[in-house]
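Please read the structure below before turning to the comments.
Just so you know, all these numbers are worked out from the coordinates, no wet-lab data involved. Since the structure is predicted, the reported quantities are computational estimates derived from the model, not experimental observations. Please note: Cβ atoms are built from the backbone with ideal geometry, for glycine as well, and neighbour counts cover all protein chains shown.
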Amino acid sequence: MIIKKLVLIRHGQSKWNELNKFTGWHDVELTKNGKNEAKSAALLLKKEKFFFDYSYTSVLKRAIHTLQYILDELDQSWLTVEKNWRLNERHYGALEGLNKNEVIEKYGEKKVLLWRRSFNITPPKINVHDKRFPGFDRRYSHLNINEIPLGESLEITAKRVIPYWEKNIYPKLKKNKKILIVAHGNSLRALIQYLNKINNQEILEINIPTATPIIVDFNENFIPIKWYYLK
């Protein structure tokens, strides 16, 4: 059986991960630990002799920089990188920038877990006049105002991630190209759920760790057959 391998990696620890804040579309730097995590992920890939033909990431610098550190370590800095907002983290609406423990104290652990892990529950939405609204960010100026989220569930996130996968990435895989995607916990959860046909209840239990390579194996017909962490 011929096996094709897709590599997925969540960005390294960001400064808001460290502060236990809901981050979403807010653009934050990696911590020193996050940079080291990215380099460690690259060493795992190097040990297994991975190299790539195409790489994809979001328009958020914690993912962009993680990818850069990985490609540097693999001596593939020359590789073309395609950045797209459709690979962004899910938008956490009015929760963005808030401390997770404080939100749990206010709303209760059960409700916050649903906001964070469920398939179709949307967090409280942000107001379009709020300075945190992405419509004020020039990197999204090319989008129709209706495309810019006020808050997303995993289901809504998947509706932008999956079409991008189908149109832009999967055709390359079907041409036997080796692909690396560095994105975010929920954009990757949406893709993993789709590729591996994980039901909406089981996806609740899946948490994507920072900077840990995930390998998705495809058979000779380019159908996913399993996924696992590279350790």
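Tally time: how many residues in the range 1-54 are assigned to a strand (DSSP E or B) and either without any contact (Cβ under 8 Å) to a residue 24 or more places away in the chain or of a type in the set (Lys, Arg) (or both)?
Residues of the range 1-54 assigned to a strand (DSSP E or B): 4-10, 14, 21, 30, 54.
Checking which are either without any contact (Cβ under 8 Å) to a residue 24 or more places away in the chain or of a type in the set (Lys, Arg) (or both) leaves us with 4-5, 10, 21.
Result for the range 1-54: 4.
Scan the range 125-147 and give yes if some residue there is surrounded by 12 or more Cβ atoms within 10 Å (Cβ to Cβ), within 15 Å of the chain's Cα centre (by Cα), touching a residue at least 24 places away in the same chain (Cβ under 8 Å) and assigned to a helix (DSSP H, G or I), otherwise no.
no
Considering only the range 84-124, how many residues are of a type in the set (Val, Ile, Thr) and free of Cβ contacts under 8 Å to residues at least 12 places away in the same chain? Show your work before the answer.
So the first thing to find is which residues in the range 84-124 are of a type in the set (Val, Ile, Thr), and the list is 103-104, 112, 121-122.
Filter once more, so that each one left must be free of Cβ contacts under 8 Å to residues at least 12 places away in the same chain: 104.
Qualifying residue count, the range 84-124: 1.
Of the residues that sit in the range 192-219 and are part of a helix (DSSP H, G or I) and surrounded by 13 or more Cβ atoms within 10 Å (Cβ to Cβ), which one is nearest to the chain's Cα centre (by Cα)? Spell out how you get there, then give the answer.
Going through the range 192-219, the residues part of a helix (DSSP H, G or I) turn out to be 192-196, 202-205.
Now drop any that are not surrounded by 13 or more Cβ atoms within 10 Å (Cβ to Cβ), which leaves 192-196, 203-204.
Values: 192: 10, 193: 13, 194: 14, 195: 14, 196: 16, 203: 15, 204: 16 Å.
Per the stated criteria, the residue is 192.
Which residues, counting only those in the range 64-86, are among the β-branched types (Val, Ile, Thr) and surrounded by fewer than 19 Cβ atoms within 10 Å (Cβ to Cβ)?
Start the filter on the range 64-86 by keeping residues that are among the β-branched types (Val, Ile, Thr), which leaves 64, 66, 70, 80-81.
Answer for the range 64-86, where residues must be among the β-branched types (Val, Ile, Thr) and surrounded by fewer than 19 Cβ atoms within 10 Å (Cβ to Cβ): 64, 80, 81.
Among the residues of the range 103-116, are any part of a loop (DSSP other than H, G, I, E, B) and touching a helix residue (DSSP H, G or I) at 6+ places or on another chain (Cβ under 9 Å)? Walk me through how you get there before you give the answer.
Going through the range 103-116, the residues part of a loop (DSSP other than H, G, I, E, B) turn out to be 108.
When the remaining residues are screened for being touching a helix residue (DSSP H, G or I) at 6+ places or on another chain (Cβ under 9 Å), the result is none.
No.
Considering (1) of a type outside the set (Val, Ile, Thr); (2) assigned to a loop (DSSP other than H, G, I, E, B); (3) surrounded by 21 or more Cβ atoms within 10 Å (Cβ to Cβ); (4) without any contact (Cβ under 8 Å) to a residue 60 or more places away in the chain, say which one residue 189 fails and leave the rest.
It is condition (2) that residue 189 fails.
Could you tell me whether any residue of the range 155-170 is under 19 Å from residue 193 (Cα atoms) and either among the polar types (S, T, N, Q) or over 21 Å from the mean Cα position of the chain (by Cα) (or both)? Quick ask: steps written out before the conclusion?
As a first pass, look at the range 155-170 and keep what is under 19 Å from residue 193 (Cα atoms): 155-170.
With either among the polar types (S, T, N, Q) or over 21 Å from the mean Cα position of the chain (by Cα) (or both) added as a condition, the list becomes 157, 168.
Taking every residue of the range 155-170 in turn, at least one turns out to be under 19 Å from residue 193 (Cα atoms) and either among the polar types (S, T, N, Q) or over 21 Å from the mean Cα position of the chain (by Cα) (or both).
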